[in-house]
Amino acid sequence: MSARICVIDTDPGTDDALALWLALASPELDVRLVTVAGGNAGLDRTLPNARAIVGLSGRAVPVVAGADRPLLGAFTAEPRVHGADGIGGVALPEGAPAAPGIAADSIRAVLRAEERVTLIGIGPATNLALALASEPALAARVEEIVLMTGAWAEGNITPSAEFNAWSDPESLAVLLGCGRPVTLATLELTAQALVTPARLATLEAAGGGACLAAALAILQSVPASRRFGFRGFPLHDPCAVAWLLAPQIFATRRVHAAVETHGTARGRTVIDRWERSGQPSNALLLDALDADAFFSLLGDRLVELP
Ligand code: RIB
Ligand code: CA
């Protein structure tokens, strides 16, 4: 089976780092482009982070800068989880310079060159939305949009909103309305991918090279979550990549999903899991995950990197 051509849009980001390494280590994915937005940290940090993460993998994938703010509203980072530098203070060797151009143009260039492209969004959706909104005809070439975004229950940046959706809800609305297959890895799914000391120890025992060592150092920098009784923390972004590698470890359901753009619930994703809204399904919700299989996949792939 030929590798799936994909673009990853990211805001590294501690969990983004592991998602990128997982994707770059997996032969099922042909990562053609990594585009970067401000999110967990400002673009002045997320861009060098993405360059360093890709550089350490040894993969020659272009990294292109994109939006440093949402379509509307102000930019807000999340240093409490990711640190001021975005990757928990872990020093990585500098990566290759960013490729010229801007994210939205680069995403469109891949779409023009290939008939079937998967878009993986693991940060605010600004770059992906700008790419599709400014040339809608290219959406027909999008095989699937896989997003770590949203929550059908509690949020993690406000009581009702998850960080990526909250960071740029207008852009998320563009993707939810673009008519192409959208797959959602929400907080309820990523909560099942809890990084615990035991799972960290298993990853550490795997051996591996500089990428796995860096991944462990990054994971060890993330604070345990009070929401999970300080037992660990959810590993969000790699869940979106794992869906494309091992769909058999997920349970899914068709849903209608929308996002609030106004008021105190701005960024809240309204996900109809029980067909109450009468709205036709516009997304596939990743509902459940075999967590042990997920962490085995993660370890098996990261150990293959340099
Ligand atoms: O809410 C979790 C999401 O926001 C993840 O993508 C994390 O990296 C942050 O961007
Ligand atoms: Ca992210």
Residue check, Ala133 against (1) within 16 Å of ligand 1 (Cβ to nearest atom); (2) over 26 Å from Ser221 (Cβ atoms), all met but one. Which one? (1)
Candidate set from segment 155-195 (those that are closer than 17 Å to Ala131 by Cβ and among the β-branched types (Val, Ile, Thr)); member that is surrounded by the fewest Cβ atoms within 10 Å (Cβ to Cβ): Val174
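Matching residues to (1) over 22 Å from Asp292 (Cβ atoms); (2) touching a Cys at 6+ places or on another chain (Cβ under 8 Å):
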residue	(1), (2)
Val142	yes, yes
Leu147	yes, no
Phe163	yes, no
Val195	no, no
Thr202	no, no
Just need a number here: residues in segment 80-114 that are under 15 Å from Glu135 (Cα atoms) and either loosely packed, with under 14 Cβ neighbours inside 10 Å or within 16 Å of ligand 1 (Cβ to nearest atom) (or both). 3
Scanning segment 218-254 residue by residue, the ones that are within 24 Å of Val303 (Cα to Cα) and buried (at least 17 other Cβ atoms within 10 Å of the Cβ) total 20
Residues Asp287, Asp292: which one is acidic (Asp, Glu), part of a strand (DSSP E or B) and farther than 19 Å from Asn40 by Cβ? Asp287
Residues that are within 16 Å of Gly42 (Cβ to Cβ) and outside any loop (DSSP other than H, G, I, E, B), drawn from segment 64-104: Ala65, Pro79, Arg80, Val81, His82, Ala103
Restricting attention to segment 212-231, report how many residues are out of contact with any Phe, Trp or Tyr (no Cβ under 8 Å at 6 or more places or on another chain) and assigned to a loop (DSSP other than H, G, I, E, B). 3
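Read-outs throughout are calculated quantities, based only on the coordinates presented, and are distinct from any laboratory measurement. Computed from a predicted model, the values in this text were never measured in an experiment. FYI the Cβ positions are ideal-geometry reconstructions off the backbone, even for glycines, and counts take in every protein chain you see.
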